[in-house]
């Protein structure tokens, strides 16, 4: 038979543990979800895929082993859209980046570890409400082409 003091200690411990676990799970749950993006910002993955149509309707929309980067787009009040691109692809390679079926945005050269970063700007009115990007090196070898997920505003 437990003493009243042991029962009180056990109850205090259980209450404290439950409170700590509840706070931990609440904090964990809060940190798992990123804050929502502002209405003028979109974020899409860059996926290893050799081809698709002008708006990349055949590019998978979820995370997968073929995801090699992320594009963050922001529509400005100045009539321009800014694209920030971060990727991990082939090392020491120059890629041409395109607003698909519209125009080239610029080039990105990766380093020894295949990482590359770039920022491009284009007139927002040069693309419709739905568009996409693609990226590949000169000569466009199969397996080294990348398509963005579809961007929708």
field: Calculated over segment 41-152: convex hull of Cα atoms, volume per residue (Å³)
entry: 89 Å³
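Grab the Cα-Cα distance for residue 41 and residue 90, subtract it from 0.36 nm times how many residues apart they are, and report the gain in nm with one decimal. Can you show the working numbers first?
Numbers: separation 49, 0.36 × 49 = 17.64 nm, distance 2.78 nm.
Length gained between residue 41 and residue 90: 14.9 nm.
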- prompt: What does a probe at residue 138 reach in segment 94-109, counting residues whose amide N is under 14 Å from the point 7 Å along Cα→Cβ?
  reply: 94-97, 107-109
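Grab the beta carbon distance between residue 112 and residue 70, set R0 = 25 Å, and tell me the FRET efficiency rounded to 0.05.
Details: r = 21 Å, r/R0 = 0.83.
Efficiency for this residue pair is about 0.75.
Quickly rank 125-135, 76-86 as a protection proxy: mean count of other C-beta atoms within 10 Å, highest first. Mind dumping the intermediate values first?
Details: 125-135: 17.8, 76-86: 14.8.
Peptide ranking by packing, descending: 125-135, 76-86.
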- request: Any chance you could run the full-extension gain for residue 119 through residue 101? It's 0.36 nm times the residue separation minus the Cα-Cα distance, nm to one decimal.
  value: 4.6 nm
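Read the figures in this text as sums done on the coordinates, not as results from a lab. Quick caveat, the model's predicted, so the values are computed rather than measured. Cβ atoms come from the backbone with ideal geometry, glycine included; neighbour counts cover every protein chain shown.
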